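Each remark here refers to the structure printed beneath this line.
The values are calculated or read from the model by the stated rules, or taken from the named source; none is laboratory data. Nothing here was measured: the structure is a model prediction, and the numbers come from that model. Cβ atoms come from the backbone with ideal geometry, glycine included; neighbour counts cover every protein chain shown.
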Amino acid sequence: QVATTLNSLANAHGALGDQHAKREMLQRSLRIQEEHYGPKHSEVAITLSNLADAHGALGDRLTQQGMLQRALEIEEKHHSSGHAHGLSAPPRPATDRRAAPRCTSAVVVVEVLEWTYVLRNQGEADEAVARLGQP
């Protein structure tokens, strides 16, 4: 119950643009969920994915990618064990990754791939910016 309330509060902070508070609430929720469900539960994967978004919004792409990778591993294991074909819980608020029933592992895969692409190309972008400052 506390973890659910923390997730809702985190989403409210995020909607107001306070990514630091969103991250803090989600970190607290994650600790509670890991203790209650264990570190490899699908609810943990959802919170990890939301927390990854907060890290990304704060510019910490490496942490974001690591959390998305961990969420993907949990979802793949959960999906491969025959749990509801990877569908998440019933619909929740639109600001939550659990917004609608869907294949959460597919969503996480796409996010991991997107950020892998961003991180791989970040070096090229940094080089281009550095070259702009050179005579």
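Hey, any hits in the stretch 78-93 for a residue that's small (Gly, Ala, Ser), at pLDDT below 55 and either on the phi > 0 side of the Ramachandran plot or not in a loop (DSSP other than H, G, I, E, B) (or both)?
Yes - at least one qualifying residue is present in the stretch 78-93.
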**Request:** Tell me which residues, restricted to the stretch 11-32, are surrounded by 20 or more Cβ atoms within 10 Å (Cβ to Cβ), modelled with pLDDT of 95 or more and either over 17 Å from Leu72 (Cα atoms) or over 15 Å from the mean Cα position of the chain (by Cα) (or both).
**Result:** Lys22, Arg23, Met25, Leu26, Ser29
